[in-house]
Amino acid sequence: MSGTTRKRVLVTGGAGFIGSHLCERLVAAGDDVICLDNYFTGVKDNIAALLPQTNFELLRHDVTFPLYVEVDEIYNLACPASPIHYQYDPVQTTKTSVHGAINMLGLAKRTGAKILQASTSEVYGDPDVHPQAEDYRGNVNAIGPRGCYDEGKRCAETLFFDYYRQHNLNIRVARIFNTYGPRMRADDGRVVSNFIVQALRGEALTIYGDGKQTRSFCFVDDMIDGLVALMAAPDTETGPVNLGNPDEFSIRQLAELVIELAGAKVEIETRPLPEDDPMQRCPDITRARETLDWQPSIKLRDGLADTISYFKSVL
Ligand code: NAD
Ligand code: UDP
């Protein structure tokens, strides 16, 4: 520990949307943070403010290759999360989830580090159980356009639990539901950033399908609280644990709220619904409430207002 009791924490995908907020939180807490990224969707601007800090270090690396560093904790977030990004090079997406998990689990095994996997609500696919609790096994189309992401993340979960049973690793698996906030990319194609950018540019909002499909949106600060709480929880709390906001909205409701909050005078247009787009999604967060004493506190209206201010400053 080179004369210090600081935790050495590796964040893979640390220059991305959620990763950069996590790095910020860990640096502020005094941890020694290594931010790893290959900049596929992440950008240096996201973590530029942290560069002068002596307890922050940046590493250009691809998790599909082995890594040798000495750390105490690993948050494995590396993986594109937006459908247009993970479908751009689907083979690489699966490699990132599967080879990335194997490499980071190998690192955890060698160093004895605690390791947390950023899994996803997509492991439930287009769910026929609502809301989704962790014991629901999902409805994923293995051969559809979302399969590279969904099955990659499912396989990563399998690897985490096999390393736990076979090698006694100290693991945590978080199933993250739709998260939004400042530092989403303007061009990343996810619904919150698309709608806000369209509203601010005076363009029509594009609803895919009839807009009756639902999602539950968690503000990024709440998500970071949940991830940090899971890492700090007793070692018996391996998860999987759902992290997300249980307030459910239709995509049309979201569009109307964004138009109102942005004060925009724009139309709503419809576009074809992408293949395998889940019709409903809402987390059952009973497990997170009971085991982590965690639940989101930021209302969609407040989080959206904050996110709109951010996009106003960068567009
Ligand atoms: P993001 O695309 O902003 O961040 C992902 C980061 O990983 C980027 O910085 C990217 O450059 C990096 N990356 C991608 N492939 C890599 C590789 N092979 N090696 C090294 N770095 C690589 O996405 P995000 O929204 O911040 O998502 C972070 C994690 O959370 C992802 O694992 C994602 O699957 C998971 N997640 C996010 C959401 C959400 O709503 N944002 C929902 C569920 C799960
Ligand atoms: N969506 C939409 N208009 C857009 C972008 C997305 O109606 O401009 C819809 C999309 O079809 C999906 C929902 O919004 O039903 C959430 O999409 P997103 O890509 O944000 O995340 P995911 O589908 O992975 O939950």
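Between the helical axis of 147-167 and the longest alpha-carbon principal axis of the chain there is an angle of about 30 degrees. Per-residue ellipticity at 222 nm from helix content only, as computed over the chain with -39500 (n - 2.57) for each DSSP H run of at least four residues, stands at -11500 deg cm²/dmol. Taking other C-beta atoms within 10 angstrom as a stand-in for reagent exposure, 75, 39, 163, 149 fall in the order 39, 163, 149, 75, fewest first. The smallest convex shape that holds all Cα atoms of region 177-271, its convex hull, gives 105 Å³ per residue.
Here the mean projected area of the convex hull built on the C-alpha positions of region 214-313 is 8.0 nm².
Ignoring trypsin sites (Lys or Arg not before Pro) that are buried or in helix or strand per DSSP, and keeping those with at most 16 other beta carbon atoms within 10 Å, what is the longest stretch of the chain between them? Result, exposed sites excluded: 7-136. The loop-placed GluC sites (Glu not before Pro) in region 227-273, going by DSSP, that have at most 10 neighbouring Cβ atoms within 10 Å of their Cβ come out as 267. Normalised by the number of residues in the chain, the mean separation of alpha-carbon contacts (under 8 Å, six or more apart) gives a relative contact order of 17 percent. Sites listed here are GluC sites (Glu not before Pro) in region 28-110 whose DSSP assignment is loop and whose Cβ has at most 14 other Cβ atoms within 10 Å: 70.
Reducing region 201-237 and region 253-289 to their Cα centroids gives an inter-centroid distance of 11 Å.
Put a dot 7 Å past the Cα of residue 301, heading toward its Cβ, do the same for residue 89, and the two dots end up 4.4 nm apart. When you restrict to C-alpha pairs under 8 Å that are six or more residues apart and normalise by the size of region 1-86, the relative contact order lands at 37 percent. Can you tell me how region 41-196 classifies by the Cα gyration tensor, rounded, prolate or oblate, using a/c under 1.5 as the rounded cut? Taking the square roots of the gyration eigenvalues as a ≥ b ≥ c, region 41-196 is oblate.
Shape class of region 16-84 from the Cα gyration tensor (axes a ≥ b ≥ c, square roots of the eigenvalues): oblate, since a/c reaches 1.5 or more and a/b does not exceed b/c. Rg and Dmax, both from the Cα atoms of the chain and both in Å, are 18.8, 60.
Between helix 300-314 and the chain there is an angle of about 90 degrees, using the helix long axis and the longest principal axis of the Cα atoms. Between helix 90-111 and the chain there is an angle of about 30 degrees, using the helix long axis and the longest principal axis of the Cα atoms. Which pairs, out of 44/299; 44/312; 7/153, put more than 24 Å between their alpha-carbon atoms? Cα-Cα > 24 Å for 44/299; 7/153; rest within.
Put in order of Cβ neighbour count within 10 Å, fewest first, the listed residues 292, 159 become 159, 292.
The numbers here are math on the coordinates, done by the rules we state, and not lab data. Since the structure is predicted, the reported quantities are computational estimates derived from the model, not experimental observations. Note that each Cβ is placed from the backbone with ideal geometry, even for glycine, and that neighbours are counted across all protein chains shown.
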